[in-house]
Amino acid sequence: MDILEKLFDEKTLKILNEIENKDMVQIRQIAQLTKLPPSTVYRVFKKFESVNLLQKVAIGTTKIYKVNQNSEAYMLLERLIPKRNPLDILVSNIINYPIEEILLIDSNETMSNILIVGNIKNDDVQKVVDEIKKNFNYSIRFLILSKAQYNNLDALNMKPVHKKVLYKNTKEV
């Protein structure tokens with residue numbers, strides 16, 4: 001992201017991150033999400049209009065901006081801005097703790113259920129989950145079990161079926 005920060009100012013990047021997965025946006029909506037003044041969002045939207053990234057659509061007195069996913073600007077930005085996966089962000093933020101495994105139990109477009117096997121405080125994970133919810137509007141529900149608790153589930157034949165191993169520690173915890 002360092003190169004992008006040099007190419008675009010921080011405000012423009014915040015706005016780009018908010019509009020990248022949306023079809024239609026409004027100035028006030030993006031201002032609230034980015035915590036930027038509406039006047040700043042308006043100026044950036046004007047720049048985006050000039051390169052055909054956004055198209056203004058007036059519905060009565062309301063102005064809505066359609067993200068033009070067929071524009072050259074959009075295609076270029078798709079190549080420049082890597083897609084960020086909320087689960088990858090969670091894993092990268094907590095793997096420095098003594099964690100044995102992170103298992104994806106269930107997921108869809110807007111949320112995931114994960115099981116964390118290891119020794120990490122609930123509050124430490126919750127901080128990361130809250131940040132992901134704020135930035136991506138993606139919910140992550142999690143359960144933390146010690147290795148012994150997880151192994152007891154196996155003994156009781158209650159181990160959950162998981163879709164995917166998000167992380168497995170190869171070192172001794």
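Numerical summary
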{"read-out": "Calculated [θ] (222 nm, deg cm²/dmol) that DSSP helices of n ≥ 4 give over the chain, each run adding -39,500 (n - 2.57)", "value": "-13500 deg cm²/dmol"}
{"read-out": "Charge dipole magnitude, Cβ of K and R +1, D and E -1 - the chain, Cα centre, debye nearest 20", "value": "540 debye"}
{"read-out": "Equivalent-ellipsoid semi-axes of segment 1-85, from the Cα gyration tensor, Å, largest first", "value": "20, 15, 11"}
{"read-out": "Listed peptides 99-108, 156-165 by packing density, highest first (mean Cβ within 10 Å)", "value": "99-108, 156-165"}
{"read-out": "Alpha carbon centroid spacing (whole Å) that separates segment 19-97 from segment 138-159", "value": "38 Å"}
{"read-out": "Calculated FRET efficiency for the pair ASN135/LYS46, C-beta based, R₀ 30 Å, to 0.05", "value": "0.75"}
{"read-out": "Approximate spin-label separation SER107-ASN122, in nm, with each point projected 7 Å along Cα-to-Cβ", "value": "2.4 nm"}
{"read-out": "Most mobile listed residue (GLU72, GLU18, GLU131) in the chain, GNM with C-alpha springs under 10 Å", "value": "GLU72"}
{"read-out": "Considering only segment 34-142, percent of DSSP beta bridges that pair antiparallel, nearest 5", "value": "75 percent"}
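Bear in mind these aren't lab numbers, they're just calculated from the coordinates by the rules spelled out. Keep in mind it's a predicted model, so treat the numbers as computed, not measured. Positions of Cβ are generated from backbone atoms using ideal geometry, with glycine treated the same way; all protein chains shown enter the neighbour counts.
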